[in-house]
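**Q** Below you will find the structure I want to go over with you.
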Amino acid sequence: MTIETVLRDAVTALSCNNVTASTAYAAAKLAAAIAAQAAAAEPDSAASHPWDFAALELDAAAHALRQDTEVVVHLDEAWYAEADLAQVAEQLRALVTVVLAWCVAALDTAGQPGVAATDYQIAAAHLRRGADEIP
Amino acid sequence: MITVTYGGELAAARSLLTDSHLNADTTRPPPQLFGIIVGQVYRTLYRHTVLLTGGVGHPLADALADAARHAVSQVPDPPPAVDAVTEPVPAAGLLTRARDHLGVAMEVLASQFGPDGDARTPAGIALTAGVGRTSHLAAVGRLAALAARAHLHAGDGTAATDTGSAAEAIRRVTTAANAISAMAEPGDSFLDGLRPALYVTGAAWPAVTSHTGVHEALDAARTWLAQHYATDLTGQQIRQFAGAGLALVQELGYLARQHGNDVTAGLRLRYATEAWRNAYLAADNVVSLDHSDGAAGPTALINAERWVREQLRAGGTWRNDNLALTGQAEWSTTAREITRALPDLATMLHHGTRFSATHHDLYTPAPRHPGNPVIQNPEWIRAEPQTPAVLRLTAAVADLREPSVLLSSQFEASPHTGLHEATRLNRYLVEVATTPRLWPSEPSQEPASSISRLLEPLPPAAAALRERAHGATRRGGATTSVSIALAHDVVQEIQRLQATIDELGTRISGSTPPTRHPAETTPLRNKSAAPADFQSPDLALPEPGLA
């Protein structure tokens, strides 16, 4: 398994119109974890800051979307060894875009169990900033 | 904007006290009026001394209390209105203003402690532990000497030649003040820049909208951590602090690059970034049962970081225009404030994580179960301190301070004094107080019978210290105050006994007193409040030849 395949699978799963509050939260959490690990894997440390800021924004988005349960993301550092970070960035942006689209749609149909409308707004704002930060 | 600091207020008071002395010869205020004002100055200085010594009896405090009593003893009842008559009398007016500045300084100092006397800020923790106590007392001593001099010359003119109890009280203040102020040269103290402690509680901190707001939020975050690191820091809060710290370090990197990007700066920034990132990553998947977010301390730091980032970044890139617009000087100050705060935050985060880990307040995911290998919804189990995730987190936050200190030197800022200095001093005192080197290494060469009698009180005292220090469950505030007070007592007792034993040995055997190991010549010897001719009533010297 590589980090690219993890991302591709996630985007595929979310694109099948079966996004729920819990999967959106899990996807945001996954995106944040991938960005954080990418910052550590970035060979040019001076260029790591966009990954760090993206990770923080996406983590904040996940926090806003979190419901009663906390999910855990397991990423193996070895998955980044051969990873093309430009490719990772592109796929990560796609993942964040899907979650953001769901968030914006959910704002119109507020009333998802466990998540208040303000949480969607906060999450959407963080997701936008996170998407901006992804290198 | 003028910032009230402890050092600034003391400096103003010092200047006014000096001026009041210079103006004294030409304009003497009415003695009753002067008694009231100078009595208030003495009382304020007394409160300073008591706070700095932790309530332990001190000659300067005793002398100041005595002088305050005598200063007002001649005041009629009802007393004259101070404000109504100080205006035409420069000396009294200057002294009144000095008293006011001392009062403000006192409030700044007192704000570092809660109503129960426990430290509520990092500076309070350091003060409780006695960090820089000698130099702080010396500063108060210099002010007390100035007040006594003003009292002597600006009063009714009789105090200088008077042999009564009031003049004796002034002389006691002068003697004690000169003695204590001679123990440390005037110099920089961590208290100089001390600001009034902020009230940090509840579940929110206002949005930060300015550089001043950033500085206040940094103080608030440190104050909040000082109150929580040894009680209830949660896994989520550790992650919040680590994340905000990581972002601040990245922003400092950008600010540093605006001043030139030399190799050393690059290395230091990389070192600090990796340390804070490691802590942030390690804090993932370590949680506590208390899921409430938005506590004032982490929120303050997050809000400060958010504002800084909004000023420096937009759309995923750095904003050079804004930096030029808002002024380099303000950003330099803010960068220094951030680098001053980070080491202190790192230390408290480290201690807080260790506390939470050892008190089983952290939870980690149960071993993975079949299913999605990447995203799981696990059961959470209470973590032992040796749980790998907790060990990793503890090690990561332990590595935060050193790179943060290096970063502060890059910005020519000195880190705030706090828990780090307190724990170091605490450890040092405990080591000094319990080291076996303080006992004679070859008792057979000493006059055994007398010396063994003299040494009897030592082991129980040292044992009590060890027991209290080892048995204490709280670190920092309570533990520090307990062991520091005990260590002080034990070390002073040991030093007095050692001196007595040396003298006894000399008188009995006519030999040269043993040379002390350098470790025994501690600064505490100079801090001893005992007068030079101290002799414990329980340890009276035997007559020569009785051994």
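The values are calculated or read from the model by the stated rules, or taken from the named source; none is laboratory data. Remember, predicted model here, so these are calculated numbers, not experimental data. Backbone-built Cβ (ideal geometry, glycine too); neighbour counts: all protein chains shown. Please note that ligands, DNA and RNA were not included when accessible areas were found on the heavy atoms of the full protein model with its side chains. Shrake-Rupley method; radii C 1.70, N 1.55, O 1.52, S 1.80 Å.
**Q** Residue under question is B:Arg309, and the condition is that it be in a loop (DSSP other than H, G, I, E, B), basic (Lys, Arg) and within 14 Å of chain A (Cβ to nearest Cβ); does it hold?
**A** no
**Q** Need pairs with beta-carbon distance below 7 Å; first residue under 13 Å from A:Ser15 (Cβ atoms) and in contact (Cβ under 8 Å) with a residue 24 or more places away in the chain and within segment A:85-96, second open to solvent by 70 Å² or more (accessible area, probe 1.4 Å) and assigned to a helix (DSSP H, G or I); sequence gap 6+ or separate chains.
**A** Sorted first by the residue in segment A:85-96, then by its partner, the pairs are A:Gln91/A:Arg8.
**Q** How many residues does segment A:101-123 hold that are modelled with pLDDT of 80 or more and either in a loop (DSSP other than H, G, I, E, B) or surrounded by 21 or more Cβ atoms within 10 Å (Cβ to Cβ) (or both)?
**A** Total satisfying the criteria: 6.
**Q** For B:Leu225, are the conditions met, namely being at pLDDT 95 or above, over 20 Å from A:Ala64 (Cα atoms) and not β-branched (Val, Ile, Thr)?
**A** yes
**Q** Also, I was wondering about something else. Give the residues of segment A:23-45 that are within 7 Å of another protein chain (Cβ to nearest Cβ) and either out of contact with any strand residue (DSSP E or B) (no Cβ under 9 Å at 6 or more places or on another chain) or assigned to a loop (DSSP other than H, G, I, E, B) (or both), sorted by residue number.
**A** A:Ala36, A:Ala39, A:Ala40, A:Ser45
**Q** Quick one: which of A:Ala61, A:Ala54 is under 30 Å from B:Leu289 (Cβ atoms) and within 10 Å of another protein chain (Cβ to nearest Cβ)? Break it down into steps so the answer makes sense when it comes.
**A** Numbers: A:Ala61 fails: within 10 Å of another protein chain (Cβ to nearest Cβ).
That would be A:Ala54, the only listed residue that is under 30 Å from B:Leu289 (Cβ atoms) and within 10 Å of another protein chain (Cβ to nearest Cβ).
**Q** Next up: Being more than 23 Å from B:Gly124 (Cα to Cα) and buried (at least 24 other Cβ atoms within 10 Å of the Cβ) is the filter here, so list the residues in segment B:209-233 that pass it. Steps first, answer last, please.
**A** Restricting attention to segment B:209-233, the residues satisfying the condition of being more than 23 Å from B:Gly124 (Cα to Cα) are B:209-211.
Listed by number, the list is empty, since nothing qualifies.
**Q** Within segment B:348-370, count every residue that is in a helix (DSSP H, G or I) and open to solvent by 10 Å² or more (accessible area, probe 1.4 Å).
**A** The number of residues fulfilling the criteria is 5.
**Q** Scan segment B:257-297 residue by residue and report those that are more than 18 Å from A:Leu56 (Cβ to Cβ), open to solvent by 10 Å² or more (accessible area, probe 1.4 Å) and part of a helix (DSSP H, G or I).
**A** B:Arg257, B:Gln258, B:Val263, B:Thr264, B:Gly266, B:Leu267, B:Arg268, B:Arg270, B:Tyr271
**Q** What about B:Val4, is it hydrophobic (A, V, I, L, M, F, W, C), modelled with pLDDT of 80 or more and part of a loop (DSSP other than H, G, I, E, B)? Give the steps one after another, and end with the answer.
**A** On the way: hydrophobic (A, V, I, L, M, F, W, C): yes; modelled with pLDDT of 80 or more: yes; part of a loop (DSSP other than H, G, I, E, B): yes.
So B:Val4 passes the test.
**Q** Could we say that A:Glu77 is of a type in the set (D, E, K, R), within 20 Å of B:Trp318 (Cβ to Cβ) and either more than 9 Å from chain B (Cβ to nearest Cβ) or surrounded by fewer than 19 Cβ atoms within 10 Å (Cβ to Cβ) (or both) here? Outline the logic, then answer.
**A** Values: of a type in the set (D, E, K, R): yes; within 20 Å of B:Trp318 (Cβ to Cβ): no; either more than 9 Å from chain B (Cβ to nearest Cβ) or surrounded by fewer than 19 Cβ atoms within 10 Å (Cβ to Cβ) (or both): yes.
In short, no.
**Q** Additional query: If only one of B:Pro367, B:Pro373, B:Pro378 is more than 10 Å from chain A (Cβ to nearest Cβ), over 21 Å from B:Ala221 (Cα atoms) and not hydrophobic (A, V, I, L, M, F, W, C), which one is it?
**A** Exactly one of B:Pro367, B:Pro373, B:Pro378 is more than 10 Å from chain A (Cβ to nearest Cβ), over 21 Å from B:Ala221 (Cα atoms) and not hydrophobic (A, V, I, L, M, F, W, C), namely B:Pro367.
**Q** If A:Asp59 satisfies all but one of (1) part of a loop (DSSP other than H, G, I, E, B); (2) in contact with a His (Cβ under 9 Å, 6 or more places away or on another chain), what's the number of the condition it fails?
**A** (1)
**Q** Can you spot a residue in segment B:243-258 that is farther than 18 Å from B:Ser404 by Cα and more than 10 Å from chain A (Cβ to nearest Cβ)? Spell out the reasoning first.
**A** The initial filter retains those residues of segment B:243-258 that are farther than 18 Å from B:Ser404 by Cα, namely B:258.
Retained after the next criterion (residues that are more than 10 Å from chain A (Cβ to nearest Cβ)): B:258.
Yes, there is a match, as at least one residue in segment B:243-258 is farther than 18 Å from B:Ser404 by Cα and more than 10 Å from chain A (Cβ to nearest Cβ).
**Q** For segment B:298-325: of the residues being among the small types (Gly, Ala, Ser) and modelled with pLDDT under 95, which is surrounded by the fewest Cβ atoms within 10 Å (Cβ to Cβ)?
**A** Among them, the one singled out is B:Gly315.
**Q** Is it true that B:Asp66 is out of contact with any Leu (no Cβ under 9 Å at 6 or more places or on another chain) and at pLDDT 80 or above?
**A** So B:Asp66 passes the test.
**Q** Filter segment A:12-22 down to residues that are open to solvent by 30 Å² or more (accessible area, probe 1.4 Å) and among the small types (Gly, Ala, Ser) and give me whichever is farthest from the other protein chains (Cβ to nearest Cβ).
**A** Keep residues of segment A:12-22 that are open to solvent by 30 Å² or more (accessible area, probe 1.4 Å), which gives A:12-13, A:15-20, A:22.
Right, trim to among the small types (Gly, Ala, Ser) and you get A:13, A:15, A:22.
Values: A:Ala13: 10, A:Ser15: 16, A:Ser22: 9 Å.
The extreme case among them is A:Ser15.
**Q** Okay, next question. Any residue in segment A:22-29 that is closer than 16 Å to B:Gly243 by Cα, under 14 Å from the mean Cα position of the chain (by Cα) and not hydroxyl-bearing (Ser, Thr, Tyr)?
**A** yes
**Q** Determine which member of the set B:Asp188, B:Asp219, B:Asp192 is part of a helix (DSSP H, G or I), within 29 Å of B:Leu137 (Cβ to Cβ) and not aliphatic (A, V, I, L, M).
**A** B:Asp219 is the lone residue from the list that is part of a helix (DSSP H, G or I), within 29 Å of B:Leu137 (Cβ to Cβ) and not aliphatic (A, V, I, L, M).
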